[in-house]
Amino acid sequence: MIKEILQKNQLSKEDIIHLLNIDNESDMKLLVDKAYEVKENYIGKKSYYRGLIELSNVCVKDCYYCGIRKSDNNVQRFNMTKDEIMQMAKWAYENNYASIVLQSGERADEQFVSFIEDVIKTINEMSNNGLGITLSLGEQSYETYKKWFAAGSHRYLLRIETTNENLYKNLHPSDELHNFNDRLQCLKHLREVGYQVGTGVMIGLPNQTTEDLANDILFYEKMDIDMIGMGPYIVSKDTPMGVDVINKNLNTTEMQKERVNLALKMIAVTRIYLKDVNIAATTALQSLDGLGREKGLKAGANILMPIITLEEYRAKYQLYDNKPCIEDNSDKCKVCLTGRVKSVGETVGFGERGDSPHFEKRIKIS
Ligand code: SAH
Ligand code: SF4
C-alpha cells in the first residue's frame with residue numbers, strides 16, 4: 001500500500017494522510033528513502049547553514065505555548081546592542097556561513113523597526129552584500145516589510161503555526177494581536193513585497209490530527225511557499241499550554257518520541273510533495289532527540305540553523321524547555337553540526353547562499 005502511494009506522481013490528500021499515519025519502521029524507511037531520493041534529485045546531498053541570531057526576547061504577544069511570552073515574569077528580558085549583533089554577523093561572515101537569520105520576540109514600535117532597518121544596512125555594508133539575511137521577526141505592517149526589504153533583507157520566516165483556525169484559536173488569546181487572518185495576510189504581504197517566503201507549523205499539538213497536518217502541506221502548496229521551517233511542539237512548562245499538557249499527562253517520553261516521528265514524517269512528505277523547496281531540520285527536533293537533526297536531513301531537510309547567539313544570551317531565549325546548545329559557543333556549534341552533516345554523508349555548502357530552488361524557478365517564470 002505505502003509502496004504504491006510512493007510510486008504515484010501526484011499525491012492526493014488521502015495519500016498524504018496515509019503517509020502521515022505510518023506506524024511501523026519498515027514503512028517509515030520506505031517513506032524516508034523516497035524523500036531522500038527526491039531531495040538528491042532536486043537539491044543534491046548538500047546542506048546549507050543559516051546562522052541564527054536571537055537578538056531579543058522582548059515580546060508583545062502572549063502565545064500560550066511559548067517560553068518568552070509577554071506574561072511570563074520569570075523571563076529575564078534582553079535586547080542586544082547593534083555592536084553585539086554585528087559581532088555575530090561578522091563571525092558568520094568570516095566563517096563562510098553565507099546566510100544569517102535575525103529572530104526575536106515580536107515588537108512593531110517605531111524604535112524597533114528603525115533599529116532593525118539600520119542593523120540590516122550595516123550588516124550588508126560589513127559583508128559587501130555577501131551575507132543572505134533572513135528575518136523572523138513576526139507580524140509587521142506592509143510598510144515595515146517593505147522598509148526591511150529595501151534595506152537589504154530578502155527572506156522572511158513566519159510560521160502559520162497551524163492552518164486549522166479553531167486550533168489556532170486554542171493556542172492564542174482571543175484579541176487583535178493574535179488573529180489568524182492577520183497572520184495569513186502577513187504571508188501574502190511578504191510575497192507581494194518580494195521576499196522568499198517561509199512558513200511552517202508546530203507538529204504534535206494537542207488535538208491536532210493528521211488531517212490538519214495534511215491541510216498544512218496543501219497550504220504550503222497553495223501559498224506557493226519557498227521555505228519550510230517546522231518542528232515538534234515542545235512543552236515549555238511555565239506556559240498555560242505547557243501546564244495543561246503536563247496535567248493531562250500528554251508529555252510522556254513515548255509521546256515526545258511520537259512528536260519527533262510525526263515531525264520527520266511531515267518533513268519527508270513535504271519533500272516528496274513539494275520537491276524543490278528549502279526545508280529546515282530545526283533545533284527543536286534535536287531537543288527531543290539527540291540525533292533529531294541528522295534524522296531530519298535523512299528525511300529530506302536541507303537547511304540547518306546553527307545558533308550563533310552570544311553565549312550569555314542563549315539560556316534567556318528559550319521558546320521551549322531543554323533547548324540544546326545553550327552551553328555552547330558558535331565555534332563549538334560549527335564543529336559539532338558540520339560533524340553531524342558529514343555523518344549522514346553530506347557536505348555543507350559553505351560560502352553558498354543556498355537560496356530555495358523553488359524561489360529561483362518562480363522568479364524566472366514570472
Ligand atoms: N516571534 C516570532 C519569531 C520567534 S518565535 C514569531 O512568533 O514568529 C519562532 C517560532 O518558535 C514560532 O513561530 C513557533 O512556531 C516556535 N515555538 C514557540 N514556542 C514553541 C514551543 N513551545 N515548541 C515548539 N516551537 C515553538
Ligand atoms: Fe512572541 Fe513569537 Fe513567542 Fe509568540 S511565538 S510569544 S510572538 S516570541
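Each reported figure results from applying straightforward, stated rules to the coordinates on display, with no laboratory input. Predicted model, so just to flag it, every value in this text is computed and none were measured. Glycine also receives a Cβ, built like all others from the backbone with ideal geometry; neighbour counts cover every protein chain displayed.
A few points about this structure:
- Summed side-chain charge close to Lys146 - residues other than Lys146 whose Cβ falls under 12 Å, Lys, Arg +1, Asp, Glu -1: -2
- Inter-part distance where region 258-334 and region 106-123 are each reduced to a Cα centre, Å: 27 Å
- Tensor-based shape of region 159-293 (alpha-carbon gyration tensor, a/c under 1.5 rounded, otherwise prolate or oblate): oblate
- Cα gyration tensor category, rounded, prolate or oblate, for the chain with a/c compared to 1.5: rounded
- Pairs from Lys70/Lys361; Lys46/Lys70; Lys8/Lys29 whose Cα-Cα separation, in the structure shown, is over 29 Å: Lys70/Lys361; Lys46/Lys70
- Cleavage-rule hits, GluC sites (Glu not before Pro), region 87-194, DSSP coil, Cβ neighbours within 10 Å at most 12: Glu176
- For Val335, Val245, Val58, order by how many other beta-carbon atoms lie within 10 Å, fewest first: Val335, Val58, Val245
- The length gained by stretching the chain between Lys169 and Glu94 to full extension, at 0.36 nm per residue less their Cα-Cα distance, is 22.7 nm.
- Isolated Cys in the chain, by beta carbon distance under 4.7 Å: Cys59, Cys186, Cys325, Cys333, Cys336
- Overall form of region 1-103: oblate. Here a/c, set by the Cα gyration tensor axes a ≥ b ≥ c, is 1.5 or more, and a/b is not larger than b/c.
- Size descriptor, Kirkwood hydrodynamic radius, that averages inverse alpha-carbon separations across region 151-220, Å: 13.0 Å
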